[in-house]
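Below: one structure, written as structure tokens.
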Amino acid sequence: MSGLAAFLQAQAAVIRVRIERVRGSSPRETGAEMFVAPETVQGTIGGGQLEYMAIDEARALLARGGAAAKMDVPLGPQIGQCCGGRVEIALQRMDAAMRQTTLEAEAQAQGARSHLYILGAGHVGRALADLAQYLPIRTILVDGRAAELVQCRAEVESMLTPLPEAVVREAPKGSGFVILTHDHALDFLLVAEALGRGDAAYVGMIGSATKRASFASWTKTQGGSDAGLTCPIGAGQSGDKRPEMIAALVLGEVVAALGAKVRVPTA
């Protein structure tokens, strides 16, 4: 069950707060939503005074038993923000039909998310999963070692398989692949599989310039090429090889490569 589904199931009374129109600069885009209950909130419309005002208005609407309201807010000194734009917000009490429509839209958005395959559940793979869980990306951690997979505490998918190359082969078009297994030969096999698809958004392999050269030499003998490979990954790490630092820099590369697909479509 998704976070939103659990929230809606637990709350009897909820106001949907949705940005309907944006003029100029604003913290979030048209269509951004959050859901307000008497004691808790799910989602965000950008934080700051705008969000506080919207939450207060939503709870006032709940308290008076109202069905809907509108807000037209200038994002300037009047509310302690300096975006300089203006937003129009619609607040609506959620009935059963709206709850169902909202969950269907969320499921559709989830299905449209870019896929990131982390191939290798060692220290760096788990650190990468820890960060990726917070992004609108469908992340799958893949390994043939159950003992490594169970150490991952991130809320991402995990896949135990002796044939990770089949996972790469069957991944959706435009997926990202970060390859950092415990075996250089397996790394080479997976990189070749990912590059051979011709449609990957990102293919990265952990290692040094020497490892990259070794792969280039090996794949040439197989009739392949290393074109499109990022190796070393996290090139801006400046010698810091802590898993968390490598993961942060690699995730930046992945998000840049996936580009606009990382943005969750809004209903």
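Any read-out appearing in this document is the output of simple, stated calculations on the displayed coordinates, not a laboratory observation. Given the structure is predicted, the values throughout are model-derived calculations rather than measurements. Don't worry about glycine lacking a Cβ; one is built from the backbone with ideal geometry, like all the others, and counts go over all protein chains shown.
Here are the numbers:
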{"item": "GluC sites (Glu not before Pro) restricted to DSSP loop in the stretch 130-182 with at most 14 other C-beta within 10 Å", "result": "E155"}
{"item": "Reference-scaled alpha-carbon Rg (2.2 N^0.38 Å with N residues) for the chain", "result": "1.22"}
{"item": "Share antiparallel - DSSP beta bridges, the chain, percent rounded to 5", "result": "55"}
{"item": "Separation between Cα centres of the stretch 87-113 and the stretch 135-193, rounded to whole Å", "result": "32"}
{"item": "Residue order, fewest to most surrounding Cβ atoms within 10 angstrom, among D199, D143", "result": "D199, D143"}
{"item": "Sequence-separation-based contact order of the stretch 3-110, relative, with Cα cut under 8 Å and 6+ spacing, percent", "result": "32"}
{"item": "Once exposed loop trypsin sites (Lys or Arg not before Pro) are cut out (DSSP; at most 11 other Cβ, 10 Å), longest piece of the chain", "result": "1-152"}
{"item": "Pairwise FRET efficiency - A216 versus E170, Cβ, R0 = 22 Å, nearest 0.05", "result": "0.25"}
{"item": "Relative contact order for the stretch 109-244, counting Cα pairs under 8 Å that sit 6 or more residues apart, in percent", "result": "22"}
{"item": "The stretch 7-74: GluC sites (Glu not before Pro) in DSSP coil with no more than 15 other Cβ atoms inside 10 Å", "result": "E29, E39"}
{"item": "Proportion of all alpha-carbon pairs of the stretch 1-92 beyond 20 Å (%)", "result": "33"}
{"item": "Convex hull projection area averaged over all views, the stretch 113-262, Cα basis, nm²", "result": "8.0"}
{"item": "Length-normalised contact order for the chain - Cα pairs under 8 Å, 6+ apart - percent", "result": "15"}
{"item": "Relative frequency of Cα-Cα separations exceeding 16 Å in the stretch 215-260, percent", "result": "50"}
